[in-house]
Amino acid sequence: MFASWGSVIHRRRWIVLVTVLVATLGAGLWGLGVFGKLTQGGYEDPASESSRVNKIVEEQLGQKPADIVLLYTAPAGTNMDDPDVAKRVTAALAALPADAIAERVDYWTARQPALASPDKHLAMATITLAGEDFDTKHANFAKIEKALPVDGVPTQVGGKVPTEQAMTERSNSDLAVAEAISLPVTLILLVLIFGSLVAAALPVLVGGLAIFGALGVLRLLSLGLEVNTFAVNVATLLGLGMAIDYGLFTVGRFREELAAGRTPAQAVQRTVATAGRTVAFSATLLVIALAGLLVFPMDFLKSMAYGGMSAVAIAAIVSLTLLPALLAILGHRVDKLSLPWRRGATGGESRLLGRIADTVMRKPVWFVAPILAVLVALALPFGNAQFGGANEKQLPPGDPHRATAEAIAANFPAASNNMVKVVLRGADAPPDQAIVQAYAQAAHEVPGVADARPTGAGGNVVVLTVPLTVDALSTEAGDALHRLRAIPSSAEVLVGGYPALVADSVQGIVDRVPWMVGILVLATLVLMFLAFGSVLLPVKAVVMSALSLSATFGVLVFVFQEGHGVDLLNVTPQPAQAGMMVLIGAVVFGLSTDYETFLLSRMVEARHAGQSTREAVRTGLVRTGRMITAAALLLGVVTGAFGMSSLASMRFIGLGMIVALLLDATVVRMLLVPAVLRLLGDAAWWAPGPLRRLQERAGLSEVERPEERELTSVG
C-alpha cells in the first residue's frame with residue numbers, strides 16, 4: 001500500500017507539491033486570526049459540585065465573581081479615610097466607561113470595613129466586567145485598563161481577567177522567542193547531521209508547514225469550541241518537533257536508498273514504503289495518545305488535544321505527500337551544498353553503535369538489571385505526588401499581577417483563594433435559621449476552617465462563606481472540604497469555591513485516567529501488532545513506555561513539588577497541575593512508542609530479510625541509532641526553547657520532555673530494548689497463526705521483495 005503511494009507521489013510530484021503547499025500556507029494565513037480567539041479558562045470540571053455552586057450563586061443570588069481586584073496603598077502620611085485619597089479613587093472609578101462595567105464595589109462607597117486593612121493603609125475595590133464570554137470581558141478590560149491606576153495613590157491591578165491576560169501575553173511572547181531560537185539552532189544541527197544544506201532544510205520546511213496547518217485547524221475549532229491559549233504552544237512544539245523527526249527519518253532513508261544504487265523513482269517508492277509507513281504508524285499512535293485527553297471534561301485538556309492532534313496529523317500528512325514529492329524533484333541534488341568533510345561520504349555503519357550493539361548482545365542481563373533499577377529509583381518520588389490547579393503562581397516571582405494576588409491574600413484573607421462557599425438548599429424554600437446555624441456550628445469545628453457565616457439567601461438556598469486557615473491547594477484543605485461535605489444536614493449541602501473547584505477538577509481527572517490508559521494501551525497493542533505481526537513486541541513497547549513515563553513523573557515531582565533546583569528554573573514549588581501531568585503522560589507515551597516504532601521497523605525489516613534475531617536487533621540499532629539520537633537531540637532543542645518560557649506550566653512541560661527524551665532515546669531505546677529483545681530471542685517475533693494471517697490480510701506490512709533487495713548490491 002505505501003509502496004504504491006510512493007509511486008503515485010513520484011508520478012504526480014509537481015501536483016502534490018503545489019496542492020499541499022497552497023493548502024497549508026492558506027490555512028496558516030487564515031489561522032493567524034486564532035490568537036484573538038484564545039482563552040485562559042477551561043480548567044474546571046463543568047459537571048462538578050463546585051461548578052454547580054457557582055451557577056446557583058449567580059442565578060439565584062445574582063452574585064457574580066469579581067473580574068478585577070484593585071489594591072490601593074495610602075500615600076505617606078495619609079490613610080484610606082483621608083478625604084483627598086477618597087476623592088481621587090472614587091473619581092477615577094466613576095470615570096470608567098459605564099458600558100464596560102456590570103458592577104463595582106469599593107471601600108468608600110460601600111463602607112464595608114472588610115474592604116480596608118485594620119490600619120486603613122490598604123483598601124480594595126472590585127469590578128465585575130460586562131459580558132458573559134471570555135472575549136467580551138477581555139475587550140471591556142482593554143477599554144478601562146489604562147484608566148485603572150489613580151494619580152497620587154499607588155494602585156495594584158489583579159484579579160482573574162488581568163491575570164489571564166498577563167498569562168496570554170507571556171504565552172504569545174514566549175512562543176515567538178521559542179520559535180526564533182529553536183528554528184535557526186535546529187537548522188544548524190540538521191546541517192551538521194546531514195552534511196548538506198539542501199537536505200537539512202527539508203525537515204525545517206515540513207515543520208513550518210505543520211505549524212501553519214495546525215493554526216488553521218485551531219482557528220476553525222475556535223469558531224465553535226473554547227480553545228485555551230496553551231493549545232498554540234503545544235501545537236507549535238509538537239508540530240515543529242515531530243515534523244523534524246519525520247523529516248529526519250524520511251530524508252535519511254531516501255539518501256540511504258540512493259546510496260544503495262536505486263534510481264530516484266525507486267528510492268522514493270522504497271522510502272515511502274519503509275520510512276513513510278513508519279511515520280504513518282508513529283503519527284497515528286501519537287494522535288491516539290493525544291486523543292486520550294478528550295475523555296477529560298476540562299476544556300483546557302481538550303484544547304491541548306486539539307492543538308497536539310492537529311499538529312502531529314498535519315506533520316505526518318506533509319511528510320507523506322509534500323516531502324517525498326520534493327525528494328522526487330531533487331533526486332541526487334538532495335546532497336547539494338554539502339559540507340566539505342561530508343562530500344563523497346557513504347554514511348557507513350557507526351563504529352560506536354556497532355560496539356554498543358555487540359556488547360549488549362553479549363551481556364544483555366548486565367544492561368537490563370541496572371537500567372531497570374535506575375528507572376525505578378527515578379520513579380519513586382512520584383509516589384508522593386500532590387496535585388493542584390492553575391493560579392497566579394504560574395507567573396514568575398515579581399510579576400505585578402502575582403504580587404497583587406499575594407498582597408491581597410496576606411492582607412485580605414476573605415478575598416483570597418482560600419474561601420469556600422457552601423450552599424444549603426431546601427426543597428421549596430430556603431432552610432430555616434436553625435438548620436443553617438447547626439451546619440455553621442459544625443463547620444466551625446472542622447480543622448482548617450476559620451469561620452462559617454451566612455452571607456446571602458435567595459430562592460431556595462442559603463449561602464455560607466467559609467474561610468480556610470490553610471493553603472487552598474494543600475492536603476489539609478482537601479481534608480476540610482471532605483469534612484464539610486460530610487456534615488449531616490436536613491438540607492442539601494453543596495460545597496464550592498476555589499479550593500473545591502481545584503479538588504473537583506483533580507478528582508475528575510483521576511476518575512478518567514483509567515479510560516485514557518486503556519485507550520493508549522489498546523491502540524499501541526493493536527497498531528503495533530498490525531505493523532510488525534508480533535504479540536510480544538507491542539507488549540514490550542507498552543512496558544518500556546510505562547517505565548520512561550514513570551521515571552519522568554518522578555523527576556518532575558522531585559523538582560517542581562519538592563523544590564530541588566527550582567531556583568535555577570525561577571519557579572515556586574507547589575503541587576503539580578494534574579492536567580499538565582496528564583498532558584505530559586500522553587505526549588511522552590506517544591514519543592516513546594514513536595521511537596520504538598522507528599527502531600523496531602528496521603529490526604523487523606532485517607528479520608524479514610532472513611537475519612537471525614541477534615543480527616536483526618544489531619542491524620536495527622546500528623541503522624536507526626544515529627537517527628533516533630539526532631531526532632531526540634533536535635526535539636530536545638525545540639522543547640528546551642519552549643522550556644525557557646516565563647510561565648511555570650511551560651517550564652514543567654519543557655523539563656518533562658527533555659528528561660523523557662534523554663531517558664527514552666538513549667538509555668531505553670539504545671540499551672534496554674535491544675537487551676530485552678536479545679533475552680526474548682525468537683519468541684519476540686511470534687504470533688498465533690490466526691492473528692498472523694489477520695495481520696497479513698490487513699496488508700499493512702511492507703516486506704521488500706527479493707528482486708528489490710538485489711538492487712542494494714547495484715552500483
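The values are calculated or read from the model by the stated rules, or taken from the named source; none is laboratory data. Quantities reported herein were computed from a predicted structural model and do not represent experimental measurements. Here Cβ is always computed from backbone atoms with ideal geometry, including for glycine, and neighbour counts include all displayed protein chains.
A single entry from Gly213, Gly261, Gly276 fulfils the requirement of being outside the structural domain of Leu633 (by TED's automatic domain parsing) and at positive phi: Gly261.
Any chance you could count how many residues in the range 419-456 are in a loop (DSSP other than H, G, I, E, B) and either outside the structural domain of Pro499 (by TED's automatic domain parsing) or not β-branched (Val, Ile, Thr) (or both)?
13
Leu220 meets each of the listed conditions (1) hydrophobic (A, V, I, L, M, F, W, C); (2) over 23 Å from the mean Cα position of the chain (by Cα); (3) farther than 19 Å from Thr639 by Cα; (4) surrounded by fewer than 24 Cβ atoms within 10 Å (Cβ to Cβ) apart from (2).
For residues in the range 1-38 being at pLDDT below 85 and more than 30 Å from Val227 (Cβ to Cβ), which is nearest to the chain's Cα centre (by Cα)?
Among those residues, the one meeting the criterion is Phe2.
Scanning the range 238-296 for residues that are outside any helix (DSSP H, G or I) and more than 24 Å from the chain's Cα centre (by Cα) yields Ala260, Gly261, Arg262, Thr263. Condition test on Gly224, is it in a helix (DSSP H, G or I) and either in contact with a His (Cβ under 9 Å, 6 or more places away or on another chain) or not acidic (Asp, Glu) (or both)? Here the answer is no, as Gly224 does not meet what is asked.
So which of Leu322, Leu330, Leu301, Leu395 is out of contact with any Pro (no Cβ under 7 Å at 6 or more places or on another chain), at pLDDT below 85 and not assigned by TED's automatic domain parsing to the domain that holds Thr552?
Sole residue among the options that is out of contact with any Pro (no Cβ under 7 Å at 6 or more places or on another chain), at pLDDT below 85 and not assigned by TED's automatic domain parsing to the domain that holds Thr552: Leu395.
Residue check: is Ser550 among the hydroxyl-bearing types (Ser, Thr, Tyr) and at pLDDT 90 or above? Here the answer is yes, as Ser550 does meet what is asked.
From the list Gly42, Gly36, Gly31, the one residue that fits, being buried (at least 20 other Cβ atoms within 10 Å of the Cβ) and under 24 Å from Asn391 (Cα atoms), is Gly42.
Under the condition of being among the charged types (D, E, K, R) and at pLDDT below 85, which residue from the range 653-679 is farthest from Val368 (Cα to Cα)? Ranking the candidates gives Asp664 first.
Scan the range 283-318 for residues that are under 15 Å from Asp594 (Cα atoms) and either of a type in the set (S, T, N, Q) or free of Cβ contacts under 8 Å to residues at least 24 places away in the same chain (or both) and the total you get is 2. Among the criteria (1) under 30 Å from Val85 (Cβ atoms); (2) free of Cβ contacts under 8 Å to residues at least 40 places away in the same chain, the one Lys64 does not fulfil is (2). Candidates in the range 99-112 are the residues that are under 39 Å from the mean Cα position of the chain (by Cα) and not basic (Lys, Arg); of these, the one that is farthest from Lys143 (Cα to Cα) is Val105. May I ask you to list the residues in the range 605-619 that are part of a helix (DSSP H, G or I) and modelled with pLDDT under 85? Within the range 605-619, Glu605, His608 meet the criteria.
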